[in-house]
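K.L.:
Below you will find the structure I want to go over with you.
The values are calculated or read from the model by the stated rules, or taken from the named source; none is laboratory data. This one's a predicted model, so the numbers in the text were calculated from it and none came from an experiment. Positions of Cβ are generated from backbone atoms using ideal geometry, with glycine treated the same way; all protein chains shown enter the neighbour counts. Heads up: the accessible areas ignore ligands, DNA and RNA and are worked out on the full protein's heavy atoms, side chains in. Shrake-Rupley method; radii C 1.70, N 1.55, O 1.52, S 1.80 Å.
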Amino acid sequence: MRRIFRQEELKILACLTMLIDHIGAVLFPDLLILRVIGRLAFPLYGFLLVQGVRYTSNRLNYGIRLTLGLLLAELPYDFTFYGGVTWYHQSVMVTLFLAYLMLVWMRHSNPVLPLMVCFVLAELAACDYGGLGIAMIWMFAVTEQEKWCWTTRIVGLFVIFSQIPSVKIPIADISVPAQLAGMFALIPMVLYSGGKKGSGKWSQLLFYLFYPAHLAILYWVDMLV
C-alpha cells in the first residue's frame, strides 16, 4: 500500500477537521454534518502526539510547546463555548498535555500505571474526551509495534467511541452515534508515511497555536453576527 500522507499533511487535516467542527458548534449548530466531519480531528491529534513523542529529539521542548498552546487556549475555549471563565470544563489541550505526560512516563515504566493515573486526572479535570481520550492515545502508543495493530485499533476505537456521549445520526432504521465517524481517521493514519523527519520548529509551534487562535477568531465572529 502506498503511503501518501506525511506529517505535515496529517497536521493540516487535523486542523481543518477541527476548524470545521468548531465552525459547526459555534456558528452553525444545526448543520450536523460539520460536527460529524469534526470527529476526525481528535484521533488525528492523538496519533500525531504519539508520533511526536516517539520521534522528537527534545521531549522537553515538545512539552513546552504543548504547554504554551494549553495556557493560551483556556480563555478562548471558555469564552467561545461557555460564555466566560469556567473551572468545570477544560479544553482538549489539557487532554493532550496529560497524554503527553503519560507517553513520556510510559518510556520509563510499565504502561498500565501511567494510563491509570492520567485517565483519572483527565476525568477529574473534566477535559474534552476525558479519560477515554487518554485511553485512545494509550492504545495508539502500545500498538505501535504490534503485528495486528490496525485490527486492534479498529476494535479499540469502536469500543471507545461507542462510550463517548454524542448526538445520534439516523441511518436507515437505526441511530448511530456521531462520534463513530472518528473511525474514518484511521484511513489517513494507515496511509501515513511515518519516519523521523518532522516539521520545522516554527511549523510545530504554529500547529499548537492554531487551536487558541481559531477559537479566539470564532468567538469574535460569533459576537459580531
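K.L.:
Please go through the range 88-107 and give me each residue that is under 24 Å from Ile64 (Cβ atoms) and open to solvent by 70 Å² or more (accessible area, probe 1.4 Å), ordered by number.
P.N.:
Filtering the range 88-107 for residues under 24 Å from Ile64 (Cβ atoms) gives 90-107.
The answer is Leu101, Trp105, Arg107.
K.L.:
When only residues in the range 205-225 that are β-branched (Val, Ile, Thr) and either part of a helix (DSSP H, G or I) or farther than 19 Å from Tyr82 by Cβ (or both) count, which is least open to solvent (accessible area, probe 1.4 Å)?
P.N.:
That would be Val221.
K.L.:
Regarding Val36, is this residue under 19 Å from the mean Cα position of the chain (by Cα) and either open to solvent by 10 Å² or more (accessible area, probe 1.4 Å) or closer than 30 Å to Ile154 by Cβ (or both)?
P.N.:
Spelling it out, Val36 is indeed under 19 Å from the mean Cα position of the chain (by Cα) and either open to solvent by 10 Å² or more (accessible area, probe 1.4 Å) or closer than 30 Å to Ile154 by Cβ (or both).
K.L.:
Does Val155 meet the test of being exposed (fewer than 15 other Cβ atoms within 10 Å of the Cβ) and not polar (S, T, N, Q)?
P.N.:
Criteria met by Val155.
K.L.:
Now for a separate question. Just a yes or no: is a residue in the range 46-56 open to solvent by 30 Å² or more (accessible area, probe 1.4 Å) and without any contact (Cβ under 8 Å) to a residue 24 or more places away in the chain?
P.N.:
The first filter runs over the range 46-56 and keeps only residues open to solvent by 30 Å² or more (accessible area, probe 1.4 Å), leaving 54-56.
Imposing the further condition that a residue be without any contact (Cβ under 8 Å) to a residue 24 or more places away in the chain reduces the set to none.
No, because not a single residue in the range 46-56 is open to solvent by 30 Å² or more (accessible area, probe 1.4 Å) and without any contact (Cβ under 8 Å) to a residue 24 or more places away in the chain.
K.L.:
Restricting attention to the range 65-87, and to residues there that are buried (at least 18 other Cβ atoms within 10 Å of the Cβ) and among the aromatic types (Phe, Trp, Tyr), which single residue is nearest to the chain's Cα centre (by Cα)?
P.N.:
Tyr77
K.L.:
Within the range 1-27, track down each residue that is part of a loop (DSSP other than H, G, I, E, B) and either touching a Cys at 6+ places or on another chain (Cβ under 6 Å) or at pLDDT below 95 (or both).
P.N.:
Met1, Arg2, Arg3, Ile4, Arg6
K.L.:
Within the range 110-120, restricting attention to residues that are open to solvent by 40 Å² or more (accessible area, probe 1.4 Å) and not β-branched (Val, Ile, Thr), which residue is farthest from the chain's Cα centre (by Cα)?
P.N.:
Here the answer is Asn110.
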